[in-house]
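The values are calculated or read from the model by the stated rules, or taken from the named source; none is laboratory data. Predicted model, so just to flag it, every value in this text is computed and none were measured. Don't worry about glycine lacking a Cβ; one is built from the backbone with ideal geometry, like all the others, and counts go over all protein chains shown. The accessibility values were calculated without ligands, DNA or RNA, using every heavy atom of the protein model including side chains. Shrake-Rupley method; radii C 1.70, N 1.55, O 1.52, S 1.80 Å.
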Amino acid sequence: MRHFLSVDDVTGDELLALLDRADELKAERAARHRAGSSLVGDQLQGRSVALVFEKPSLRTRASFEVGVHELGGKALPMWDGEVGLGRREAVADVGAVLGRYVHAIVIRTFGQDDLEELAAAAGVPVVNALTDHEHPCQALADLQTVREHHGELAGRTLTYVGDGNNVAHSLLLAGAKVGLSVRIAHPEGYAPAPDVVAAAQRHAGASGAEVVVTTDPRAAVDGADAVYTDVWASMGQESEAAERAAKFADFQVTPQLMAHAADGAVFLHCLPAHRGEEVAAEVMASPAARVFDQAENRLHAQKALLATLLG
Ligand code: CP
Ligand code: NVA
């Protein structure tokens with residue numbers, strides 16, 4: 001039994017194998033679509049997957065629910081904090097109970113420690129569908145999207161502009177593992193966690209990638225093959241939104257900033273996007289934007305993940 005609580009739960013080779021499987025599932029789904037056949041396979045036949053959400057979601061909830069359906073399994077979405085993780089019931093008890101019913105638990109919550117506690121008690125694979133610390137499923141779809149566009153990851157550079165948050169952490173770890181250099185440009189006081197940067201630097205040493213953390217967005221974007229941003233205030237940080245908007249004002253991804261990226265660079269955003277804040281509307285509408293491919297790839301990448309964990 002394996003969990004996917006962090007990008008660090010898989011090796012670089014395992015990451016690349018997941019991306020290969022995601023590409024295969026994407027091609028197979030398109031072929032079934034063209035042929036007018038059912039999109040439902042049998043990899044999870046007779047199996048159930050709990051989807052627990054303690055924070056809002058569009059993409060993650062929809063892509064996991066459709067993904068489990070298309071693998072022939074049954075998804076049990078639990079929504080709007082109805083489980084009351086750690087409030088209505090102890091975190092470990094929730095894991096132990098769900099593990100008696102289902103074959104895997106996908107969970108979006110706040111603390112990485114709660115996720116780990118739940119996983120330790122569950123007895124079935126647990127998948128991180130976003131915590132305050134990481135968003136590893138997002139990173140799978142992000143790498144799939146970059147690879148689709150550029151053909152390979154090793155030797156390329158992705159620059160993330162903005163908050164050193166969950167999305168930045170997973171990108172740092174995932175990129176560094178597969179040889180994709182990752183540069184993070186953040187405002188003072190919003191750097192990614194030092195332990196994540198140190199881990200990414202170790203992975204980069206082995207893969208030949210580079211990890212750069214800076215407060216200069218222009219220098220960070222220079223020559224990048226992909227430019228990525230995320231909201232300035234994450235879920236749970238709503239009360240900091242005004243303070244952050246002031247501190248992040250120079251970190252908007254504008255057409256002027258994109259002009260410093262390499263020819264053929266793509267713009268990525270995990271979404272939801274706030275046009276006029278972290279990204280200019282023109283960039284979202286530009287041909288460089290691959291944000292909806294990225295959102296679609298959540299489906300394929302997570303199907304690959306579930307089929308592998310439960311295979
Ligand atoms: N990118 C992402 O995880 O979107 P949701 O929050 O809508 O699931
Ligand atoms: N960093 C954002 C990502 C949303 C998908 C958040 O945690 O709200």
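General observations
- Candidates Val291, Val266: the one that is among the β-branched types (Val, Ile, Thr), open to solvent by less than 10 Å² (accessible area, probe 1.4 Å) and within 16 Å of ligand 2 (Cβ to nearest atom) is Val291.
- Which numbered condition His135 fails, given (1) of a type outside the set (Ser, Thr, Tyr); (2) over 23 Å from Gln294 (Cα atoms); (3) within 16 Å of ligand 1 (Cβ to nearest atom): (2)
- Residue check, Leu310 under 22 Å from the mean Cα position of the chain (by Cα), away from ligand 1 (no atom under 16 Å from the Cβ) and closer than 30 Å to Asp42 by Cβ: yes
- Within the range 268-285, the set of residues being within 18 Å of Leu158 (Cα to Cα) and either more than 20 Å from the chain's Cα centre (by Cα) or polar (S, T, N, Q) (or both) comprises Val283 only.
- One residue stands out in the range 201-240 among those that are assigned to a helix (DSSP H, G or I) and closer than 18 Å to Val161 by Cβ: the one that is most open to solvent (accessible area, probe 1.4 Å), namely Arg218.
- Residue match in the range 137-157 (condition: of a type in the set (A, V, I, L, M), more than 15 Å from the chain's Cα centre (by Cα) and assigned to a strand (DSSP E or B)): no
- All positions within the range 1-13 that are exposed (fewer than 13 other Cβ atoms within 10 Å of the Cβ) and either free of Cβ contacts under 8 Å to residues at least 40 places away in the same chain or in contact with a strand residue (DSSP E or B) (Cβ under 8 Å, 6 or more places away or on another chain) (or both): Asp13
- Residue match in the range 141-155 (condition: open to solvent by 10 Å² or more (accessible area, probe 1.4 Å), in contact (Cβ under 8 Å) with a residue 60 or more places away in the chain and closer than 22 Å to Ala219 by Cβ): yes
- You will find that of Ala200, Ala174, Ala224, the residue that is under 24 Å from Ser6 (Cβ atoms), touching a Leu at 6+ places or on another chain (Cβ under 7 Å) and more than 16 Å from ligand 1 (Cβ to nearest atom) is Ala200 and no other.
- Among the candidates Gly67, Gly81, residue that is closer than 18 Å to Leu299 by Cβ and either within 16 Å of ligand 1 (Cβ to nearest atom) or hydroxyl-bearing (Ser, Thr, Tyr) (or both): Gly67
- Selection from the range 1-50 of residues that are closer than 16 Å to Ala139 by Cα and among the polar types (S, T, N, Q): Ser6, Thr11
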